[in-house]
1. Across the stretch 241-257, what is the number of residues that are closer than 21 Å to P281 by Cα and either in contact with a helix residue (DSSP H, G or I) (Cβ under 7 Å, 6 or more places away or on another chain) or of a type in the set (F, W, Y) (or both)?
2. Suppose the filter is aliphatic (A, V, I, L, M), out of contact with any helix residue (DSSP H, G or I) (no Cβ under 7 Å at 6 or more places or on another chain) and surrounded by 20 or more Cβ atoms within 10 Å (Cβ to Cβ); does L128 pass it?
3. Failed condition for G34, given (1) in a loop (DSSP other than H, G, I, E, B); (2) of a type outside the set (D, E, K, R); (3) at pLDDT 95 or above, with all others met?
4. Determine which member of the set L619, L625 is closer than 30 Å to E174 by Cβ, outside any strand (DSSP E or B) and not hydroxyl-bearing (S, T, Y).
5. Which pairs do you get when a residue that is without any contact (Cβ under 8 Å) to a residue 12 or more places away in the chain, found in the stretch 160-178, comes within reach of a residue that is part of a loop (DSSP other than H, G, I, E, B), reach meaning Cβ atoms under 8 angstrom, with the pair 6+ apart or on two chains?
6. Could you check the stretch 71-89 and list, in sequence order, the residues that are of a type outside the set (A, V, I, L, M) and under 13 Å from the mean Cα position of the chain (by Cα)?
Amino acid sequence: MTYRPPSGEDFHGVVGRTYEDSKPWWPPAKFKAGAPNVVLVVLDDTGFSHFGCYGSTIATPNIDALAAGGLRFTGFHTTALCSPTRACLLTGRNHHAVGMRAISNFDTGFPNMRGAIPRSAATIAEILRDNGYGAFAAGKWHLAPMAECSAAGPFNNWPLQKGFDRYYGFLQGETDQFFPELTCDNHFVDAPGGPEDGYHVSEDIVDRSAGMIRDLTSLVPEKPFFLYLAFGAMHSPHQAPQAYLDKYRGKFDAGWDVAREAWFERQKAMGVIPPDTRLAPRNPGVRPWAELSANEQRFAARLQEAFAAMLEHTDHQIGRLIACLKEVGQWDNTLFIVLSDNGASQEGGASGVLDEMKWFNGIRESADEAVLRLDDIGGPDSHCNIPWGWAQAGNTPLKWYKQNTHGGGVRDPLIMHWPAGLKAAGETRSQFCHAIDIAPTILDVLGVGSPEVVAGVPQMPVHGVSLAPTFADPAARLARGPQYFEMLGHRGVWKDGWKAVTHHEPGAPFDQDRWELYHLAEDFSEYEDLAEKEPAKLKELVDLWWAEAERHGVLPLDDRNAFALFRASMRPGLPSSRHRFVYYPPVSHLVTDACPPVARGWTTSVQVEHPPGPADGALIARGSLNSGFVLLVKNGRLVFDYNDFHRHTRLEAETTLAPGPHEIGLSVERTGEGGEATLLVDGQVVAQGHVPRLLFLISSTGMDLGRSLSPVTGDYVAPFAYPGRIAKVVFEVPSLTPTGEIKAQVRAEMTRQ
């Protein structure tokens, strides 16, 4: 008989009065015997030409080997930004439809920008886990509202609540590669080392990924797995071990014009682009290399060296993961996918930046000053990004960049490799495809249907199509319709080889945007605008864009300023939505979005029980070696150090702090660009000083109490834990937010993708 126990379990055995007249039954395994594994590797801010197998002279031997043994796609497209593309990859739906119009930090109050994927769009991890797969994620997440990414949660948009069994990585859009803000599963953890130990976060997340795979394969070898590995590379800060930096010294001294032409010719020779492709003209603001001063050239070349070093180092980590798969006998039956989430970044500006936090604070960085610190570039004392000229070279042969809906922002590399199931080796596929097609491809290959209901929630339609037909047939026609694009007001639409696209100026009326028209089937680089020659085709596509926008929830178009974008951070009940902050240490690390907004000045009270004897340590530390502030005890004396991009304002008490209970006070009052700082012990002033400049956005690294995740000065080595007891820490900030702070936050969040 069939018996349904009170628990509701679907039981197909026999239940008698005793076990002797009963028949047990166990549910069958959810996965199919011999089901393939899937590894999805996502790089950040990597342009169409950056991989060696897509044309560059940067060494990427492991990625190139994947292309040589698998398929290289040249018509793959993304959303032009990080969080939206990742939402597409993991759900198979368009980004506006799943509430991810821009990065996950924002909530504009409309369904298309909530900063979180709704339950009606289950991730591929949720689907595969329900089908018996192990599901692991490592590296960058950036798919939860950052105001929710504190130890207080809510956790419903963190990786484990989105279908993954295990997670190790960072929740922010970027992190310092030597001093990362790390999360393991649902809690914050310390990095296992620092730069003095040879630590780098890319190596760490591959070690953890390999560990997850080894655990599963060793204990339940028949169970397949899905690994989502998202590197911090190639997002800024561009940081790499010294040996990689040394390798590229002088390699880019000829400049971006020479490199771009060389990479363009390599692309044609490789068959990555059609032989009749024309190289797009320089983007506005990109000067000929010969017009740069000697210092500008030295600075720009060194920034590109750091980028190249980081990319090769990342490639080596991919090689280490491949070696692990081979060691545990899982390589042949693993679908291994490598792609980029958007084109090369434009956030370095025309000249590049040694520390991008300067750009966020509206500080112009002089190349003449930057060259005095050339050797810091790529190491822990820099937070650098490449200039526009090198970014456009990385997007060769295309125009514009990440954030834009022209080719440079949305056309990206995609490689698929699968020894047991993909027989074509070293071939190229030119079909138009999109990030929404990756999840349907994986499900198709695995023989898993797209469920109508997940965890009791009806699912919205999947928008992407499977690319599996292209595996065996280079001319396969995909069953896809048009594809729209919209990012920060930039718009575009593709249909049957034609593309209409606009470059939107913030604040300008959308109806005044000029639409361009390209026949992509014959014009790979969007070189010849046919808008005037083909007005009927242009009108057809513009009308189509509005129809697709209506269908996928793109509207309302929105290029508003900070006050709309940061409405989420002011919602009640979130860490930053107050003016008085009371902490009871020990507490977990605070990410930037959970820290008190101190740009307007602040007061701090710290109640401590100071121990006898040597008792040095950090009481409060926010930021990194590049910018931040720290309140600490050093050589027994109370010290406050404000780090304005390596310009330090230091206040130090003249006497040592006596053992026993104390109330330590810090007051920083903004006076124009700078501020007046006062350090107190038990109400008595022990040090005062002027801070020449108070930063609007201090750092992408958050805050610790009683320790320091990253050193803010050279006075100590992290974590520099305070040996005494901190009973309570209180921050109070003025209620009025300076306009400069809002502007800095917006610029930062729009680029920390």
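The values are calculated or read from the model by the stated rules, or taken from the named source; none is laboratory data. If you're wondering where the values come from, they're calculated on a predicted model, not measured in any experiment. Glycine gets a Cβ as well: all are built from the backbone with ideal geometry, and neighbour counts include every protein chain shown.
1. 4
2. Values: aliphatic (A, V, I, L, M): yes; out of contact with any helix residue (DSSP H, G or I) (no Cβ under 7 Å at 6 or more places or on another chain): yes; surrounded by 20 or more Cβ atoms within 10 Å (Cβ to Cβ): yes.
When the stated conditions are applied, L128 passes them.
3. Exception for G34: condition (3).
4. Values: L619 fails: outside any strand (DSSP E or B).
It is L625.
5. Q161/F155
6. Those that are of a type outside the set (A, V, I, L, M) and under 13 Å from the mean Cα position of the chain (by Cα): C82, S83, P84, T85, R86.
One line per residue, one yes/no per condition, for (1) at pLDDT 95 or above; (2) outside any strand (DSSP E or B):
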position	(1), (2)
A191	yes, yes
V206	yes, yes
I213	yes, yes
P221	no, yes
L229	yes, no
H235	yes, yes
D246	yes, yes
D253	yes, yes
A269	yes, yes
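Yes or no, residue by residue, for (1) of a type outside the set (K, R); (2) free of Cβ contacts under 8 Å to residues at least 60 places away in the same chain:
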{"site": "P397", "(1), (2)": "yes, no"}
{"site": "G408", "(1), (2)": "yes, no"}
{"site": "P413", "(1), (2)": "yes, no"}
{"site": "L422", "(1), (2)": "yes, no"}
{"site": "S430", "(1), (2)": "yes, no"}
{"site": "V457", "(1), (2)": "yes, no"}
{"site": "A472", "(1), (2)": "yes, yes"}
{"site": "R480", "(1), (2)": "no, yes"}
